[in-house]
Amino acid sequence: MNRKLRCILGFSVLLILIVILLLLNLTIGTSAVSPSKAIRILTGSIQDKTASGILLRIRMPRMLAALLLGGALAVSGFLLQTFFGNPIAGPFVLGISSGAKLAVAMLMVFSLQCGIVLHSWLLIAASFMGSIVATGWILAVSGKVRSMSLLIVAGVMTGYICSAVTELVVTFADDANIVNLHNWAQGSFSGTDWTDVSVMSLVILLTVLPAFLLSKPMSAYLLGESYAENLGVNVRRFRIALILLSSILSACVTAFAGPVSFVGVAVPHLMKRLLGTAKPILLIPASFLGGAAFCLGCDLLARTLFAPTELSISTVTAVFGAPVVIGMLAQRKKSV
């Protein structure tokens, strides 16, 4: 198949899939709403306070959060894979999400005990600081460890340590609202409101757009640092930009949804297979759309599969994302 046609078909499939998943997320749940009724409520054709409240106050903010944060996490993973030159790299695998999770958990516990109301921007700032510290540690390890497999192991161990400390913080926090904190620590898009959606939209837009504008330097960087330098790319600044943009995106996800596993690793790989190309100018938007579709589908399953009991989003993303990572490892093993 012609590569251009394959890309067009791939993006078309992603857009159609997202539209279908948005409609399913909007209408399916404990209180089912028919698609026609949902459309009429959204357009203002009919008035139904109960159904309108469910759609506009609960389901729409949640599904938009899954769309935006899923896309952001996939782009973050792609940027890290570009930085390290390895398809297994990702915010969750390298422990970056866990570092952000620890920082946010500590801030939440402190604010709950002191009766302080936190703004979304403070959560993002704390999450970003946690991401930067974890990333700095991983970079320090990468400077001493040549093997990428050992680096991945170091990232996984870092994630375990941060998660263990987070669990200690959550367990010994003395507050009635600690149940909500525990749910967040497991990963969930629930509880999102329109203020959260507006904040995350702004942060993600201001981060994904610069990442997309770096597509050309990324293409050169993927061919080698020397090649990129010969084309006029300031490799040092470029690498710093990749780390900062990736950290902001993963921090935004962790601040609002907690840790979400395997999306940043699995989705970029799936998009490469879908489009049949590794060009960043195509993979960045494809990763965003793929991550959005992936998280919309997983969140739908998380809240409906065993309703009224709701699964954590990481439980579902791990079920579908982990086999992709295992497949990538097996494929790399064969090619060695």
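A short reminder: the numbers here are calculations on the coordinates, not readings from a lab. Keep in mind that what you see is a predicted model, and the values were worked out from it rather than measured. Reconstructed Cβ throughout: ideal geometry from the backbone, glycine too, with neighbour counts over all protein chains shown.
Data table
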| read-out | value |
| --- | --- |
| Helix-only [θ]222 nm of the chain, DSSP H runs n ≥ 4, -39500 (n - 2.57) each, per residue, nearest 500 | -26000 deg cm²/dmol |
| Listed peptides 318-329, 185-196 by packing density, highest first (mean Cβ within 10 Å) | 185-196, 318-329 |
| Hydrodynamic radius (Kirkwood) for the chain, which is based on Cα pairs only, to one decimal in Å | 20.5 Å |
| Under 16 Å between alpha carbons - lysine pairs in the chain that sit 8 or more apart or on different chains | 4 |
| Charge dipole magnitude, Cβ of K and R +1, D and E -1 - the chain, Cα centre, debye nearest 20 | 1260 debye |
| Summed side-chain charge close to ALA266 - residues other than ALA266 whose Cβ falls under 12 Å, Lys, Arg +1, Asp, Glu -1 | +2 |
| Estimated dipole of segment 17-101 in Debye, rounded to 20 [Cβ of Lys and Arg +1, of Asp and Glu -1, Cα centre] | 280 debye |
| Amide H within-cut-off set for ALA89, under 5 Å, with H built and near neighbours excluded | none |
